[in-house]
1. Look at residue A:112 and say whether it is closer than 27 Å to residue B:213 by Cα and open to solvent by 20 Å² or more (accessible area, probe 1.4 Å).
2. Would you be able to tell me the number of residues in the range A:189-206 that are within 10 Å of chain B (Cβ to nearest Cβ) and open to solvent by 30 Å² or more (accessible area, probe 1.4 Å)?
3. When residues of the range A:1-26 are filtered for being open to solvent by 70 Å² or more (accessible area, probe 1.4 Å), at pLDDT 80 or above and either charged (D, E, K, R) or more than 30 Å from residue B:191 (Cα to Cα) (or both), how many remain?
4. Do you know which of the residues in the range B:80-91 that are part of a helix (DSSP H, G or I) and among the aliphatic types (A, V, I, L, M) is nearest to the chain's Cα centre (by Cα)?
5. Residue B:14 passes all but one of (1) open to solvent by 70 Å² or more (accessible area, probe 1.4 Å); (2) part of a helix (DSSP H, G or I); which number fails?
6. Name the helices (runs of 4 or more DSSP H) wholly within the range B:154-261 that hold at least 2 residues that are under 29 Å from residue B:111 (Cα atoms)?
7. For the range A:63-84, how many residues are facing another protein chain (nearest Cβ under 9 Å) and either polar (S, T, N, Q) or not in a helix (DSSP H, G or I) (or both)?
8. Specify which of the listed residues (B:140, B:112) is among the acidic types (Asp, Glu), out of contact with any His (no Cβ under 8 Å at 6 or more places or on another chain) and at the interface with chain A (Cβ under 8 Å from one of its Cβ atoms).
Amino acid sequence: MNLPLIGLVRLFTVLVALFVVAPAIVIVVSAFNEPAFMSFPPKAYSPKWFYVALANPDFQRGFANSVWVMLWASTLAVIVGTAFSIAMRRSEFVGKNLLESFILSPLVVPHFTIGLGILMLFVNVHMVQDFAPVVLCHTILVLPFVIRSVYISLHNLDLRLELAASSLGAKPRRVLTSITLPLLLPGIVGGWIFAAILSFNEFTGTVFVVSQSTRTLPVAMYNHVRESTDPAVAAVATLYIAVTMIVILLAFAFLGPGTGLNRDKRS
Amino acid sequence: MANTSAFRSLLLPAGLVALLYATALILVFQYSVREVIPGSLEPGGFTLDNYASLGHPLYLSVFLRTLGMCAATAVIVLLIGYPLAYYMVRARSRFLRSLILLICIMPLFLGDVPRSYAWILMLGANGAVNGALKWVGLIDRPVQMLFTVGGVVVALVHITLPFMTLLLAVGISHIDQLYEKAARSLGANPLRVFLTVTLPLSVPAILAGFMTVFALNFSAYATPIMVGGGKVNMISNVVYQLGIASFNYPFSATLSLISLVAVLAVVGLVGRASRKIGQRYAE
């Protein structure tokens, strides 16, 4: 590439980076805004909104609910998704492609359609106050991401290792538990983490299936923004950003930034 | 594989989830062809009136606005995301590649509620953008950005940019650079190499990105209602108002179902285009 073009691309990247990062910076600054209404830049700084947010019973309950739903939905999705992925790779049956498309369809089906359908499902059995509709909704929505993650691991799995195990007399179950599953672990763990993050943040489907008692943190934050102008939500979002940064830095430190993107680089 | 039936039992959990998911979708369809009884959660008898009501200008305009906003956002995200993805894959400096990757991944972890809230703080009359413009001296009175279609689209662009960039980056990283080298060695200038080799080879990734971003934005709920403040409602907001706030299950079901059909139609069309292009390159 010639030099002016590189300069242009650099400028563009800086501008986009600014666009991406600016809202996060504004949130963090606003969280330390002293008055109960926002103005930018803040006239006085104070950490009081962090105490207010942490003491808010709606946020506390929302956080507990979110963690509960996240653990259930991501774990269920991992079990269902891993079993499904292995079955898809290892067996043939009628309607295989149809089932696969259907299970992966929440990637494009509007989340509010799914949320509304699940609400109707549980209205009919009088279980709308329960966590079950929220967990089911999240499981359906995050399942495709788990499956994609496990698929990639399955794709990289050397079939000969399984054949070697069975030729040495291992029963299919033994091959599965001592060869296949351990080798799929990176994909399974990756899918589980991704599913957990998505579930923790899910809003569009969730807003249809939660009741007063099962409200998740995003729903509690949304309600707070609707009712009040104070920056308590900015404080929660700042904590979010802090935790996220720590998680990403840990992930980068342990797994490295290579996500397969830089794999086939040739200069 | 010798023991294929043993693996088939592993389908059972997914089969159960698929069954519940299918039942939920069937219920949406079933409610959409039932009569609305005001003040009652129970729907009435069979009717097609709900589908006739879709032609009402109010719903038609929300529907068209949603489609327009999703398409516009997808195009803008593509225009910003492509150079970013290209740079992320092809930049010489490892630091820059990692930095762009980090910039793309970080917002993914923040849900749409905190991010939409951030855009309220950005675009409000006392917000960061107006503050900055005033400080620079470009304006004396705040510009109305909150509660406008433009404001919502900017926020949607921000939220979906990471998805597009990552999908495009995967696509671009799979392009064999030998083709580009060959074109260069035959005397093509960098722009020509890009336009005749790199860009055409990334069309499948572009279509996949467009499809994903379009579908994601169609599901947007928090952004239009928070940044749009009820003035820029998208279809999801209307479905919620009708179904949850007014207990009109049948009509909200009809709107949801039509949304499903619309998204599948767009995704199907783009998918077909993508396969056709794939075939052309295979020949």
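1. On the way: closer than 27 Å to residue B:213 by Cα: yes; open to solvent by 20 Å² or more (accessible area, probe 1.4 Å): no.
So residue A:112 does not fit the description; no.
2. Residues that pass the stated criteria total 4.
3. 1
4. Within the range B:80-91, the subset part of a helix (DSSP H, G or I) is B:80-90.
Checking the rest, the ones that are also among the aliphatic types (A, V, I, L, M) come to B:80, B:84-85, B:88-89.
On the way: B:80: 15, B:84: 18, B:85: 18, B:88: 22, B:89: 23 Å.
The residue in question is B:80.
5. That leaves (1) as the condition not met.
6. Details: elements: B:177-185, B:190-193, B:203-218, B:222-227, B:235-240.
By residue number, B:203-218, B:222-227, B:235-240.
7. Kept after step one, since they are facing another protein chain (nearest Cβ under 9 Å), are these residues of the range A:63-84: A:76-77, A:79-84.
Restricting the remaining residues to those that are either polar (S, T, N, Q) or not in a helix (DSSP H, G or I) (or both) gives A:82.
Selection size over the range A:63-84: 1.
8. Working: B:140 fails: at the interface with chain A (Cβ under 8 Å from one of its Cβ atoms).
Selected residue: B:112, the only one of B:140, B:112 that is among the acidic types (Asp, Glu), out of contact with any His (no Cβ under 8 Å at 6 or more places or on another chain) and at the interface with chain A (Cβ under 8 Å from one of its Cβ atoms).
The values are calculated or read from the model by the stated rules, or taken from the named source; none is laboratory data. These numbers were taken from a predicted model, which means no experiment stands behind them. Quick reminder, even Gly has a Cβ in these numbers, built from the backbone with ideal geometry, and neighbours come from all protein chains shown. Ligands, DNA and RNA are excluded from the accessible area calculation, which covers all protein heavy atoms including side chains. Shrake-Rupley method; radii C 1.70, N 1.55, O 1.52, S 1.80 Å.
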